[in-house]
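What follows draws every value from the coordinates through simple rules; no lab data is involved. Fair warning: this is a prediction, and the values are worked out from it, not measured in the lab. For neighbour counting, all protein chains shown are included, and Cβ atoms are generated from backbone atoms with ideal geometry for every residue, glycine included.
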Amino acid sequence: MKFFVDTAEVEAIAELNDLGMVDGVTTNPSLIMKSGRDIKEVTKEICDMIDGPVSAETVALDAEGMIAEGRELAKIADNIAIKVPLTWDGLKACKVLSDEGRMVNVTLCFSANQALLAAKAGATFISPFIGRLDDLAIDGMELIAEIRAIYDNYDFSTEILAASIRSINHMKEAALIGADVATAPPGVIKAMAGHALTDKGLDAFMKDWAKTGQKIL
Ligand code: E4P
């Protein structure tokens, strides 16, 4: 499973990228707002750092506007994936932009039928939002499983990009189901390294090592 980092915070991306953990980045208008940066400037900085796709989201609500904004965002770098919302106009924009050979990430997906339409419209990525479904007591992971089954039934090449990930359990389950990509905040990716038994075991080893009085260096 590929890891995308769901943030516009350049330092956090750089830290994970140095470890080889970053296959791509996703941003959205809320993340750009949180960064306090200019969208083109910060996106360019991220694109220069990362080899993989960097999603930049359009904000127009009509297809024509999304297409124009998508083309403008695509000028930032070759690795831009244009993010459009899963609306009827978003699907129209997806079709036009993907026919032009551009990467398109269709976002705000909350049903398997929406994901089926996005694949038909030529989306490079479909972004089902797990956490926001969980917030409504609907199993977001079940949606990932449904989309996986449908895409496999018909050999769609659209990649399932599990989004709105809130926990390390989401990461594990997305990987078990076979999501192609998971996009998560830096904190969730780093938290995957933690385990209480690792901490406990390390503590015991350190105490026993101190008793030996030995040094390695
Ligand atoms: C990613 O592409 C999405 O914009 C993001 O995962 C949304 O996450 P949230 O529901 O935590 O805002």
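Per DSSP helix of 4 or more residues, -39500 (n - 2.57); summed, then divided by the residues of the chain. What does that give at 222 nm, rounded to the nearest 500? My calculation for the chain gives -15000 deg cm²/dmol from helical runs alone.
If one takes the longest principal axis of the Cα atoms in the chain, at what angle in degrees, from 0 to 90 and to the nearest 10, does the Cα axis of helix 168-177 lie? Roughly 60 degrees, rounded to the nearest 10. By how many degrees, between 0 and 90 and to the nearest 10, does the Cα long axis of helix 196-212 differ from the longest principal axis of the chain? Helix 196-212 sits at roughly 30 degrees to that axis.
Counting Lys and Arg as +1 and Asp and Glu as -1, each charge on the Cβ, what is the dipole of region 135-194 about the Cα centre in debye, to the nearest 20?
Here region 135-194 has a charge dipole of around 380 debye.
Of the trypsin sites (Lys or Arg not before Pro) found in region 48-122, the ones in coil according to DSSP and having at most 15 other Cβ atoms within 10 Å of their Cβ are LYS75. Lysines within cross-link reach of LYS40: Cα-Cα under 21 Å, excluding same-chain residues under 8 positions apart? Counting by Cα, and skipping residues close in sequence, LYS40 has these lysines nearby: LYS75, LYS83.
Only Lys, Arg, Asp and Glu count, each charged at its Cβ (+1, +1, -1, -1), so figure out the dipole size of region 2-212 about its Cα centre, rounded to 20 debye.
Values: 20 positive and 33 negative charges, 49 e Å.
Roughly 240 debye for region 2-212.
A cut-off of 5 Å between modelled amide H atoms, ignoring neighbours fewer than 5 places along the same chain, links ASP6 with THR26, ALA184.
How high is the relative contact order of the chain, given as a whole-number percent (alpha carbon pairs under 8 Å, six or more residues apart)? Please report the intermediate quantities before stating the final value.
Working: 376 pairs, mean separation 36.0, N = 217.
The value is 17 percent.
Helix 39-49 and the longest principal axis of the C-alpha atoms of the chain enclose an angle of approximately 50°. Size of region 2-212: Rg and Dmax of its alpha carbons, in Å, are 18.6, 72. Taking 0.36 nm per residue of separation and subtracting the Cα-Cα distance, full extension of the segment from ARG71 to LEU136 would add 19.9 nm.
Find, among the chymotrypsin sites (Phe, Trp or Tyr not before Pro) in region 152-217, those assigned to loop by DSSP (not H, G, I, E, B) with at most 16 other beta-carbon atoms within 10 angstrom.
TYR154
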